[in-house]
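Read through the structure below, which is laid out as structure tokens, and then see the notes.
The values are calculated or read from the model by the stated rules, or taken from the named source; none is laboratory data. Just so it is clear, the model here is predicted, and its values are computed rather than measured. Every residue, glycine as well, gets a Cβ built from its backbone with ideal geometry; the counts of neighbours run over all protein chains shown. For the accessible areas, the whole protein counts, side chains as well, though only heavy atoms, and no ligand, DNA or RNA atoms are used. Shrake-Rupley method; radii C 1.70, N 1.55, O 1.52, S 1.80 Å.
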Amino acid sequence: MKILVIGSGAREHAIVKALHGDARVTALYALPGNAGMAEAVCLPGDLMDNAAVVRQALAQRIDFCVVTPDDPLANGLVDALEEAGIACFGPTRAAAQIEASKVFAKEMMNKYGIPTAGFAVAHNFEEGMQALRGMPCPVVVKADGLTKGKGVLIAQTQAEAEDALRSVFCDKAFGEAGSRAVIEEFLTGPEVSVLVLTDGEALVPMPSAMDHKRALDGDLGLNTGGMGAIAPNPCYTADMAKRCMEEIFVPTVRAMAAEGTSFRGCLFFGLMLTPQGPKVLEYNARFGDPEIQVVFTLLQNSPLDAFLHCRNGGLQADDLRFDTGSACCVVLASGGYPGAFKSGFAIAQQPHDGTVYYAGVRREGGQLVTAGGRVLSVCAAGATLQEAVDAAYRAAGHIHFDGAHMRTDIGQRALRGEGMA
Ligand code: AMP
Ligand code: GLY
């Protein structure tokens, strides 16, 4: 079977590595991939050009394509590939709306009684101001569409909320993604990421995870694409998992089917465990980054059957087998990220026991050099969270490039038991 993975991040490298070595996989491609993906042949191309991706896939006689980046999903890449006869892991454009439109997601949750923050939808500045009148501060203003994680503005005061609305509707800070906004109640509690595979009927949750989104230790600094993660998330007890399955995961998959937008692929639930119970902060229509790097560090078998069953039906719990221990992922970023940074620094490594998933890298001569904000993810497993954290940092200590920045406290909040019931 010839498989193509769409994307170029550490998330896609984790998928490539997990599929590599499955005897059924006769060829493994990534488009566009990156120079660190030694297990795959990289195909050049623009992943937002559906026709070009289809042409490449047909030329390489691809049997199965794994699509996980948000923009191509929202752009209908799965629909285009399927129309051309290429089976895909990933939701259709219509189903990917669950991530690509916060208004769609919130209205669906409202209609089907899925717990989430109270909200109002605004189509313009005046409607936004009207909605604000009924809501206490802090309040959350979210642009409707895909914004690379930048479209969520938490306002402490009414004046800040007005500024947020102005930046969405008047300054058009998020372009078309900000043609509508959701104004939402501010929730508190520990956050949990749960990635659930589904074929549209059956659901198979993977181990829970905790992302670390801020750039600096102590959850300070700017929001990033994710500086590290741990799995499983100790806040997410077995009781909580059962409750989320019944109150959130199953109702969401049923709601999507009832709306005529049956979801097949990976549904990512960004949850907040509030004093009133678990609530949905956001859905993603795909694997999370860095969640999948850390979750797949615990994976013991090839995910191919699970991927195929998500597409064809028949997904079963034993399609994926996970270690019972813990895993930790530490992201090495370019100094200055998520602001301006320099690239082109050689990446040196001494032998270590971690698993490295590459993201922002390219090859110069025979040497891998930095070529992006988040350069690589280094992951390790252990019998306990402490062992996993220690192992990941031991491995990270053997990887060097000029200006490298990492957080030194991935997993510390969980180890201190913060947010535990
Ligand atoms: P999102 O992209 O919707 O996950 O939002 C990004 C981050 O903003 C989340 O991980 C939360 O930390 C925070 N956030 C989003 N919505 C809310 C809310 N209703 N209450 C409190 N924090 C929120
Ligand atoms: N870690 C959250 C995301 O992938 O968007």
Positions within the range 222-250 being within 16 Å of Cys328 (Cα to Cα) and away from ligand 1 (no atom under 16 Å from the Cβ), in sequence order: Ala231, Pro232, Pro234
Residues that are surrounded by 24 or more Cβ atoms within 10 Å (Cβ to Cβ) and away from ligand 2 (no atom under 14 Å from the Cβ), drawn from the range 274-297: Thr297
Subset of the range 35-72 [within 18 Å of Val16 (Cβ to Cβ) and aliphatic (A, V, I, L, M)]: Ala35, Met37, Ala38, Ala40, Val41, Leu43, Leu47, Val53, Ala57, Ile62, Val66, Val67
Odd one out for Ala327 among (1) touching a Lys or Arg at 6+ places or on another chain (Cβ under 9 Å); (2) part of a strand (DSSP E or B): (1)
Selection from the range 47-71 of residues that are open to solvent by 20 Å² or more (accessible area, probe 1.4 Å), under 27 Å from Leu197 (Cα atoms) and not in a helix (DSSP H, G or I): Leu47, Met48, Asp49, Arg61, Asp63
Qualifying strands (runs of 3 or more DSSP E) (wholly inside the range 335-421; at least 2 residues being over 16 Å from Met37 (Cβ atoms)): 374-382
Any hit, the range 322-330, residues being without any contact (Cβ under 8 Å) to a residue 40 or more places away in the chain, away from ligand 2 (no atom under 16 Å from the Cβ) and hydroxyl-bearing (Ser, Thr, Tyr): yes
Boolean, Gly373 is small (Gly, Ala, Ser), more than 30 Å from Ala238 (Cβ to Cβ) and surrounded by 20 or more Cβ atoms within 10 Å (Cβ to Cβ): yes
Inter-residue pairs, beta-carbon under 9 Å, first more than 25 Å from Lys213 (Cβ to Cβ) and part of a helix (DSSP H, G or I) and in the range 225-254, second more than 16 Å from ligand 1 (Cβ to nearest atom) and among the hydroxyl-bearing types (Ser, Thr, Tyr), 6+ apart: Pro251/Tyr112; Val253/Thr198; Val253/Ser262; Arg254/Tyr112
Count of residues meeting criterion [in contact with a Ser or Thr (Cβ under 8 Å, 6 or more places away or on another chain), of a type outside the set (S, T, N, Q) and near ligand 2 (Cβ under 10 Å from one of its atoms)] in the range 188-209: 1
Residue ID - least open to solvent (accessible area, probe 1.4 Å), chosen from residues in the range 142-175 that are β-branched (Val, Ile, Thr) and within 12 Å of ligand 1 (Cβ to nearest atom): Thr147
Single residue of the range 194-253 satisfying the filter (open to solvent by less than 30 Å² (accessible area, probe 1.4 Å), under 19 Å from Arg413 (Cα atoms) and of a type in the set (S, T, N, Q)) that is modelled with the lowest pLDDT: Thr224
Among the candidates Arg55, Arg61, residue that is among the basic types (Lys, Arg) and at positive phi: Arg61
Every pair of residues 6+ apart whose Cβ atoms lie under 6 Å, when the first sits in the range 377-400 and is more than 15 Å from Pro290 (Cα to Cα) while the second is of a type in the set (Val, Ile, Thr) and open to solvent by less than 10 Å² (accessible area, probe 1.4 Å): Ala395/Val378; Ala396/Val330; Ala396/Val378
Within the range 278-319, tally of residues that are in a loop (DSSP other than H, G, I, E, B), within 26 Å of Met227 (Cα to Cα) and in contact with a strand residue (DSSP E or B) (Cβ under 8 Å, 6 or more places away or on another chain): 8
